[in-house]
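Each remark here refers to the structure printed beneath this line.
Rule-based calculations on the coordinates, nothing more; no lab input. Since we're looking at a predicted model, the values are computed, not measured. Neighbour counts are summed over all protein chains in view; Cβ atoms, including those assigned to glycine, are modelled from backbone coordinates with ideal geometry.
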Amino acid sequence: MDAKQVLVVANETADRWHLLSAVLRRHSEGPCAFTLLVPAGAPPATLTWTEAGAHEYAQERMEEALDRMRSHGISARGVIGDADPMLAIDDEVMPNRYDEIIISTHSPGISRWLRQDLPNRVARKYRLHLTHVYPDVEALTTQSA
């Protein structure tokens, strides 16, 4: 049986428990190959930033999250993407085959990605199984193709 290809999209929440919990749950359901995509957006609470600074911040978040996944026996590769999360997802999904996307955001009200309607936009565009998680919620939405 081929491993299910799962794209995990997160930035500031990449190393949070709610995301790791979703990845562990998916991993327990059968063979999966995970790719963690971290868009290189502006670091939080910064008025000025450089592209290099944003990339460095994303790299740190990615490494922390990958280390945490690996400490739980999950193998994953990491990718730094465009600052715009939709463009980052496009760049990763278009040349690759994924079976599912897990998007991790902050809670409603504070999430920039939710204000951009990112989970729904991704679900409409790619018609893949999509799971959206955020703190204090196991899985907000699960949409299938």
- Expressed as a whole-number percentage, the relative contact order of the chain with C-alpha contacts under 8 angstrom and at least six residues apart is 28 percent
- Message: Taking θ = phi - 60°, what integer Hz values does the Karplus form 6.51 cos²θ - 1.76 cosθ + 1.60 yield along region 6-21, in sequence order, with x for Gly and Pro?
- Response: 10, 9, 10, 10, 7, 10, 5, 9, 4, 10, 8, 4, 4, 6, 4, 4
- Message: Please arrange T105, T50, T131, T35 by how many other C-beta atoms lie within 10 Å of their C-beta, fewest to most.
- Response: T50, T35, T131, T105
- Message: Using each residue's phi in region 87-102, evaluate 6.51 cos²θ - 1.76 cosθ + 1.60 at θ = phi - 60° and report the 3J(HN,Hα) Karplus result to the nearest Hz, with x for Gly and Pro.
- Response: 5, 4, 5, 4, 4, 8, 6, 4, x, 10, 10, 10, 9, 7, 10, 10
- What is the Cα radius of gyration of the chain over 2.2 N^0.38 Å, N being its residue count? 0.97
- Message: Taking θ = phi - 60°, what integer Hz values does the Karplus form 6.51 cos²θ - 1.76 cosθ + 1.60 yield along region 67-74, in sequence order, with x for Gly and Pro?
- Response: 4, 5, 4, 4, 5, 9, x, 9
- Message: Taking a cut-off of 12 Å, what percent of all Cα-Cα pairs in region 1-45 are separated by more than that?
- Response: 65 percent
- Residues whose placed amide H lies under 5 Å from that of L36, excluding near-sequence neighbours: V8, R77, G78, V79
- Message: Just want the ordering: R16, R121, R115, from fewest to most Cβ atoms lying within 10 Å of their own Cβ.
- Response: R115, R121, R16
- Residues whose built amide H sits under 5 Å from the amide H of A83, excluding neighbours closer than 5 in sequence, are A40
